[in-house]
Amino acid sequence: MDPLNADYYKGIKMAKKILGAKTGVLPVLLCEDIEKLGWLGDVVEVKTGYARNYLIPQGLAKAASEANIKSISEERDRRAQQRKSERVKLEESVTAILAAGKAGEGAEAVVAAKANEQGHLFGSVTAREIATNLREQGFDVPDDAVQLAGIGDRDSRGGGRHSGSVGHHSGGIKEVGTHTVSLKFAEDLICQINVVVVAEQAPRAPCGEEGDEAE
């Protein structure tokens, strides 16, 4: 069946009254949250091809009819309440991190990793390791909040000034030292912390082992 069915055309007339008609675009009702487009239950205008070839066939949008809008109103309200609750938690996380920093109590992650004598890591410190360390300190930080891409040109205390190709990359930090890293909880909820990367100490030889070799 053509995704632009009779129900779709029925909804266009009403949606155009809401949004205003434009050439080459169609009003649709979003059935899922879509980044940079809108939330479930929003009526938005998109290019005709995008609506016909992707959004509607994938079940991400449907006709912006009065019946369709009413049918997902409860889910729309539930999602809105959920976003509100999540927003409160995110704001609390940022507040706790900023408060800890001002009190001098931390708000930094300390991660040990294997490194050579020049301070270059054999692997890298990832966003997951940083977030895990922060959570162990009681800060509610999801892995994807840690922003490592594009921080290579920032000042790094203790480890000097690193270039993007040496100090950091999108997958993690590759230098020993103190690095300023952003935590992005939302577009308007961003704070910074220090990530201290220290060289992992090699395990010491068991007591008496060196003496036995000398004999």
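Here are the numbers for this structure:
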read-out	value
Flag if K102 is modelled with pLDDT under 90 and surrounded by fewer than 13 Cβ atoms within 10 Å (Cβ to Cβ)	yes
One residue from G11, G38, G59, G49 being crowded, with 16+ Cβ neighbours inside 10 Å and modelled with pLDDT of 90 or more	G38
Which listed residue is at pLDDT below 90 and closer than 18 Å to A96 by Cβ, from C191, C207	C191
Filter result (of a type in the set (S, T, Y) and under 24 Å from the mean Cα position of the chain (by Cα)) within the stretch 59-86	S85
Complete set of residues in the stretch 115-140 that are in contact with a Phe, Trp or Tyr (Cβ under 8 Å, 6 or more places away or on another chain) and assigned to a loop (DSSP other than H, G, I, E, B)	N116
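Each row is one residue, and each column tells you yes or no for (1) at pLDDT 85 or above; (2) under 21 Å from V181 (Cβ atoms); (3) in contact with a Ser or Thr (Cβ under 6 Å, 6 or more places away or on another chain); (4) crowded, with 17+ Cβ neighbours inside 10 Å.
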residue: R79; (1), (2), (3), (4): yes, no, no, no
residue: S85; (1), (2), (3), (4): yes, no, no, no
residue: K114; (1), (2), (3), (4): yes, yes, no, no
residue: V125; (1), (2), (3), (4): yes, yes, no, yes
residue: G160; (1), (2), (3), (4): no, yes, no, no
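The values are calculated or read from the model by the stated rules, or taken from the named source; none is laboratory data. From a predicted model like this one, the values you see are computed outputs, not experimental measurements. Reconstructed Cβ throughout: ideal geometry from the backbone, glycine too, with neighbour counts over all protein chains shown.
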